[in-house]
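Since the structure comes first, as structure tokens, the remarks are kept for the end.
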Amino acid sequence: MSPASTATSPDTSGAAGLDEATGADVRVRFCPSPTGTPHVGLVRTALFNWAWARHCGGTVVFRVEDTDAARDSQESMDAIVEALAWVGIDYDEGPGVGGPHAPYRQSERRETYADVVVRLVEGGYAYESFSTPEEVEERHRAAGRDPQLGYDGFDRDLTPAQVQAFRDQGREPVLRVRMPDEDVVVEDLVRGTVTFPAGSVPDFVVVRANGQPLYPLVNPVDDALMGITHVLRGEDLLSSTPRQVVLHRAFVELGLSRRVPRFGHLPLVLGEGNRKLSKRDPQSDLFLHRERGLLPEAMVNYLGLLGWSIAPDRDVFTPAEMVAAFDVRDIGANPARWDQKKAEAINGDHLRMLAPEDLLERVLPYLRAAGLLDGDLTPAQRRLLEGAVPLVQTRMAVLSEAPGMLGFLLVADEDLVVEEDALAALRPEAADVLDASAAALVDLAEWETAAVEAALRAALVEGLGLKAKFAFGPLRTAVTGRRVSPPLFESMELLGRESTMLRLAALRRRLEG
RNA sequence: GCCCCCAUCGUCUAGCGGCCCAGGACACCGCUCUUUCACAGCGGCAGCACGGGUUCGAAUCCCGUUGGGGGCACCA
């Protein structure tokens, strides 16, 4: 029996027993490869790992899988670091922070992999394989098997003479790991027992002919060497688990690690249609959501809802609450679809939970991006926003709505844009309303909300006999340029008498012309 | 083709054999509040994929069917 197939005890499948890590012994990792912009799926995986470790008081390891020089980039790496910081996922070991298992970039760990490879070969867990894909396929055909079957194990037990013969032909072998001849059973934390039948997973390549170690090797090697106890990752990796488990068993037998980590495969996040949320899908782009104005804590909340729930009758929670309640065993197994509406509703709830001063700060970048602010706030601007932000707090779902809601307070009177639909909604009596309002307001003794409202009600509702609904519409349009705005009288108070009068007059002129 | 996973309202989910002729949230539709829009409150619509078992009893367990998804590289 081959060494790789001696480890048949169910316990080495990653199942528990006395050896299961708990509490502060828990070590998780997230290990993105730095290609492209941060994906919400990546962030959710990181989040679940982080929540579990933090819940247990364990350790979070950040490792970079940058073994593919052609696709990896520093910009992407920076973006991932920024993304994690933005959502508040911190880590205890990793690039930039160091740790007992440094380095944490796979590109700097080549010697480690080379050492492990030698031991795998010496231990009989891996062997040199000379077959080309064409030869494998040809053999399947010749034997009347499905040519798509995958590697057939042809080189498993080559004699030294056969090996020499291949070398004499100038062929360079890849290294393959020998899969056991029994079923591989995995006790998945979210899916329960998963059985991969013997023979269904071909011996797989771990080192290229040119000597480069491949992901199927380096990923479990690092997990083993870094003492990872729990591997939470996407379901798309479930079918690669038997290979990793077999490797982990070998590492244990070789004395490289103490145990096989436990695996938990998170349900996929789906996009529109039914497909896995792909990098092409704009909803997969974390930073697009940030631009749209999702709060990081709302992002954490919503992502947490995708496959997990905090309580039967509750779905709004803070990151700290998530950490306190999180348990891997509560993760659901069915795929979840990204629902923008729900994400924004959750965001609205978080927006409302913010202290007004906090919301004000969060809104500033969006006002700047819209060109409404330039550099630091002037005292006047700050006063305006302190008055206005509380008024719009219940009116926003995402921060990018702020410029539209608050813009009228920040632009010069002559720059106010009156939107088409607001203009179109004006009724014939609008001119009279503006005249009567101006008359009522010019000499108003005290310019504050209640007084403004009282004066206008007297002039319009009682004076002109209009319903409030129709009386105040034209004023809103004149003052804010929109049909929808913060409360009118408060807005007027904030704007001040002078601007208000100018804007009423401007719209009046426009109606004549 | 082969292997694996999944299956409760449109969507995310609660449910781990009796508390369920199935609960919450988003969305949608009404109503209340109201100067617009929101917020808030109240009410409504809407689901256990199908077929067999097991059991006194099944959304919950088992098998099958169907449907959906993922994976099958000298990419990660």
Legend entry - Candidates A:LEU466, A:LEU494 - the one that is among the aliphatic types (A, V, I, L, M), touching a residue at least 24 places away in the same chain (Cβ under 8 Å) and within 20 Å of A:PHE408 (Cβ to Cβ): A:LEU494
Inset, instruction - Return the pairs, sorted by first residue and then second, in which the second residue is within 10 Å of RNA strand B (Cβ to nearest atom) and of a type in the set (A, V, I, L, M), the first residue lies in the range A:121-139 and is under 17 Å from A:PHE251 (Cβ atoms) and in contact (Cβ under 8 Å) with a residue 24 or more places away in the chain, the beta carbons are less than 6 Å apart, and the residues are 6+ apart or on different chains. - result: A:ALA126/A:LEU175
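Taking into account only those residues within the range A:113-150 that are hydroxyl-bearing (Ser, Thr, Tyr) and either more than 15 Å from RNA strand B (Cβ to nearest atom) or in contact with a strand residue (DSSP E or B) (Cβ under 7 Å, 6 or more places away or on another chain) (or both), which is farthest from A:GLY199 (Cα to Cα)?
Start the filter on the range A:113-150 by keeping residues that are hydroxyl-bearing (Ser, Thr, Tyr), which leaves A:113, A:125, A:127, A:129, A:131-132.
Going one step further and asking which of them are either more than 15 Å from RNA strand B (Cβ to nearest atom) or in contact with a strand residue (DSSP E or B) (Cβ under 7 Å, 6 or more places away or on another chain) (or both), we end up with A:113, A:125, A:127, A:129.
Working: A:TYR113: 27, A:TYR125: 16, A:TYR127: 17, A:SER129: 18 Å.
Result: A:TYR113.
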Legend entry - So A:ARG395, is it surrounded by 13 or more Cβ atoms within 10 Å (Cβ to Cβ), touching a helix residue (DSSP H, G or I) at 6+ places or on another chain (Cβ under 8 Å) and of a type in the set (Lys, Arg): yes
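Residues that are near RNA strand B (Cβ under 9 Å from one of its atoms) and hydrophobic (A, V, I, L, M, F, W, C): list the helices (runs of 4 or more DSSP H) wholly contained in the range A:207-292 that include at least 3 such residues.
Values: elements: A:215-225, A:241-253, A:286-292.
Helices (runs of 4 or more DSSP H) meeting the threshold: none at all.
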Legend entry - Selection count where residues are closer than 15 Å to A:LEU494 by Cβ and not aliphatic (A, V, I, L, M), scope the range A:345-385: 6
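Among the candidates A:LEU475, A:LEU502, A:LEU494, single out the residue that is over 21 Å from A:ALA380 (Cβ atoms) and either of a type outside the set (Phe, Trp, Tyr) or within 14 Å of RNA strand B (Cβ to nearest atom) (or both).
Numbers: A:LEU502 fails: over 21 Å from A:ALA380 (Cβ atoms); A:LEU494 fails: over 21 Å from A:ALA380 (Cβ atoms).
Answer to the selection: A:LEU475.
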Inset, instruction - Provide a single number: the residues in the range A:151-171 that are touching a strand residue (DSSP E or B) at 6+ places or on another chain (Cβ under 9 Å) and in a loop (DSSP other than H, G, I, E, B). - result: 7
Legend entry - Residue in the range A:112-130 that is surrounded by fewer than 15 Cβ atoms within 10 Å (Cβ to Cβ), at pLDDT 95 or above and within 37 Å of the chain's Cα centre (by Cα) present: yes
Inset, instruction - State whether one or more residues within the range A:43-52 are surrounded by 22 or more Cβ atoms within 10 Å (Cβ to Cβ), touching a Phe, Trp or Tyr at 6+ places or on another chain (Cβ under 8 Å) and part of a loop (DSSP other than H, G, I, E, B). - result: no
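If we only count helices (runs of 4 or more DSSP H) wholly inside the range A:295-374, which ones have 3 or more residues that are near RNA strand B (Cβ under 7 Å from one of its atoms)?
Numbers: elements: A:296-305, A:319-325, A:340-353, A:356-369.
By residue number, A:340-353.
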Legend entry - Residues (without any contact (Cβ under 8 Å) to a residue 24 or more places away in the chain, assigned to a loop (DSSP other than H, G, I, E, B) and over 19 Å from A:GLU490 (Cα atoms)) located in the range A:402-446: A:PRO428
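The values are calculated or read from the model by the stated rules, or taken from the named source; none is laboratory data. Bear in mind that the values here come from a model prediction, so they are computed numbers and not experimental data. Please note: Cβ atoms are built from the backbone with ideal geometry, for glycine as well, and neighbour counts cover all protein chains shown.
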